[in-house]
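The values are calculated or read from the model by the stated rules, or taken from the named source; none is laboratory data. If you're wondering where the values come from, they're calculated on a predicted model, not measured in any experiment. Because the Cβ atoms are built from the backbone with ideal geometry, glycine has one as well, and the counts that use them run over all protein chains shown. Accessible surface is based on the protein model in full, side chains and every heavy atom, while ligands, DNA and RNA are left aside. Shrake-Rupley method; radii C 1.70, N 1.55, O 1.52, S 1.80 Å.
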Amino acid sequence: MTRGFYIGRFQPYHNGHHTVIEHIADEVDELVLGIGSADVSHTVRNPFTAGERIMMLTKAVREFEREHDLVTYVVPIEDIDRNAVWAGHVESMCPDFDVVYSNNPLVIRLFEEDEIEVRQSQMFDRERLEGTDIRESMIDDDPWRDRVPDPVVDVVEEINGIQRLRTIAQDDVVDRWEADEDKGP
């Protein structure tokens, strides 16, 4: 039996992540999905909570569990700002795993220094499937639903995630400055 590990912030979980997991599912029997930056939410870069991202992933990967007889574990991983011990921190939070999947150069380096096999995966439609662009589309009311699995759309709608993202993206300092300027001297 082989157990893999794949980490991401999943802000939100999108079709690029989904395609990577589909390919990983052909190589492993079980997959640990690490939700990075689990302690951060309600910012433009990280609008969704760890619990909301757990819902996104759990619902979205059900098809792989059925089709590939894949067992998945979704584990929130809090940030620590000490790269030298980060891989050990991740390992302490997760079930044991045999191989890590990542394209992030730092993640690759840290796990390789910890003597864990790392496999890189192909990136899919990276120009369209990038979290920053998807979040910007949500804020700007541009199309985004076609870039995430349907269960993710359902979760974002359930939690009123678009409204949250638009609210936290507002710059009230500029609004106040403009209001003060309208008052005149």
Can you tell me which of ARG45, ARG53 is at negative phi, of a type outside the set (Phe, Trp, Tyr) and assigned to a helix (DSSP H, G or I)? ARG53
Looking across segment 119-170 at residues that are of a type in the set (A, V, I, L, M, F, W, C) and over 14 Å from TYR13 (Cβ atoms), the single one that is most open to solvent (accessible area, probe 1.4 Å) is MET123
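Given the criterion more than 17 Å from the chain's Cα centre (by Cα), surrounded by 14 or more Cβ atoms within 10 Å (Cβ to Cβ) and among the acidic types (Asp, Glu), identify the matching residue among GLU113, GLU52, GLU91, GLU67.
Result: GLU91 is the single residue among GLU113, GLU52, GLU91, GLU67 that is more than 17 Å from the chain's Cα centre (by Cα), surrounded by 14 or more Cβ atoms within 10 Å (Cβ to Cβ) and among the acidic types (Asp, Glu).
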Tally of residues being open to solvent by less than 20 Å² (accessible area, probe 1.4 Å) and not in a loop (DSSP other than H, G, I, E, B) across segment 19-42: 9
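Within segment 1-18, which residues are touching a Lys or Arg at 6+ places or on another chain (Cβ under 6 Å) and either part of a loop (DSSP other than H, G, I, E, B) or buried (at least 24 other Cβ atoms within 10 Å of the Cβ) (or both)?
First pass over segment 1-18, keeping only residues touching a Lys or Arg at 6+ places or on another chain (Cβ under 6 Å): 10, 14-15.
Within segment 1-18, PHE10, HIS14 meet the criteria.
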Are any residues in segment 101-110 open to solvent by less than 70 Å² (accessible area, probe 1.4 Å) and over 18 Å from the mean Cα position of the chain (by Cα), and if so, which ones? LEU110
How do the pairs read when you match residues in segment 48-60 that are under 18 Å from GLN163 (Cα atoms) and in contact (Cβ under 8 Å) with a residue 12 or more places away in the chain with residues anywhere that are part of a helix (DSSP H, G or I) and open to solvent by less than 20 Å² (accessible area, probe 1.4 Å), using Cβ under 6 Å and keeping only pairs 6 or more apart or on different chains? MET56/VAL152; MET56/VAL155
Given the conditions (1) among the hydrophobic types (A, V, I, L, M, F, W, C); (2) without any contact (Cβ under 8 Å) to a residue 12 or more places away in the chain; (3) under 17 Å from TYR6 (Cα atoms), every one holds for TRP144 apart from (3)
